[in-house]
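The values are calculated or read from the model by the stated rules, or taken from the named source; none is laboratory data. In this text the structure is predicted, and so the values were computed from the model without any measurement. Quick reminder, even Gly has a Cβ in these numbers, built from the backbone with ideal geometry, and neighbours come from all protein chains shown. Surface accessibility is based on the protein's heavy atoms, side chains included, excluding ligands, DNA and RNA. Shrake-Rupley method; radii C 1.70, N 1.55, O 1.52, S 1.80 Å.
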Amino acid sequence: MSGPRISRGKLEAIRARLSNRDLEILESVATNRFMTSHQIRRHLFWNHVSASAAIRSTNRALARLAHLQLIAHLQRRIGGVRSGSGSNVWSLTEPGARLLSVSGHDGLPARFRSHEPTLTFLEHTLAVSEVALRLSEAARGGDFALLELRREPDCWRAYSGTHGGVVQLKPDLEAVTASSDYEDHWFFEIDRSTEPPSRVVRACLKYEHYRSTEMEQKRTGVFPAVVWVVPDAGRARALRDRLAATEGLTRGLYAVVVLDDLVPLLRAGIEAAGESS
């Protein structure tokens, strides 16, 4: 995923040739860390006259940026070779990161290094990207207004632990949505069934501890609902049953949903989240 180092002068010349759409692709890949071609198409090429036209435009743009050594796709594909070019997983390269840094993009590490991730990390990262994309698509379609969307580490919270010291609460995403009547706050945890239910329980108890500090309520006036997005209905049932049987969890604070049920949940609001938990 790396090649010969590109000089600053050449990088500036490349930057001058890029379109706004090219920069949007680089910024989106940088923000999400990894994105499939399919996700990039849905995020930035959704307004084409047909799906085939959008696919062609996406593939041309990605090929051009790859030729310029600003992005690269992993050796591994999500869904296998038969899934076509849409299954390519893209990441920023070191020159791409330098170009964005020069362009004023925040959040990149001082010493950026592209790498081939583990499958577990990759699947989780792409799942987080998918949830963020579903929220943006729903807002674009008029299901609700998406007032804020924060990824890690911007959505993390630091607070004092029971025995002193600083504890970090680390949701995968944070969002604020609004309808004509309500403004709702959300924390999202993306679960891939790689951890036992006891780990989910411990994470929820951590949310309870943070809630008890009232730091969030003083900052925004409310405590966000915590939504666990899981891969299948069996996992959803197992986690719902486990959370319902756990003492010390605030009723109505937690929801467990599969991805396709996420937007209807957010459209209904926080009360529905409590009913689903």
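Below, the figures for the structure above:
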| read-out | value |
| --- | --- |
| Calculated diffusion of the chain, Stokes-Einstein form, Kirkwood radius summed over Cα pairs, 37 °C and 0.692 mPa s, µm²/s | 161 µm²/s |
| Bridge type composition, the chain - antiparallel percent by DSSP, nearest 5 | 70 percent |
| For a label point 7 Å along the Cα-to-beta-carbon line of Asp232, residues of region 147-191 with backbone N under 16 Å | 191 |
| Accessible surface of the chain [probe 1.4 Å, protein heavy atoms]: carbon and sulfur percent | 48 percent |
| At least 27 Å along the helix axis (C-alpha) and Kyte average at least -0.5, DSSP helices within the chain | 119-140 |
| Cα centroid of region 198-277 to Cα centroid of region 14-43, whole Å | 32 Å |
| For Thr36, residues with placed amide H under 5 Å, excluding near neighbours | Trp90 |
| Antiparallel %, DSSP beta bridges [both residues in region 122-277], to 5 | 60 percent |
| 1.4 Å probe accessible area per residue over the chain, in Å² | 52 Å² |
| Charge dipole (debye, nearest 20) of the chain; +1 at Cβ of Lys and Arg, -1 at Cβ of Asp and Glu | 1360 debye |
| Cα shape, region 188-272, gyration tensor, a/c 1.5 rule | oblate |
| Alpha-carbon Rg with Dmax, taken over region 145-251, Å | 14.4, 43 |
| Sequence ranges 21-33, 246-258, ranked by mean other-Cβ count within 10 angstrom, highest first | 21-33, 246-258 |
| Two-site FRET efficiency, Val222 against Phe121, from Cβ-Cβ distance with R₀ of 30 Å, rounded to 0.05 | 0.40 |
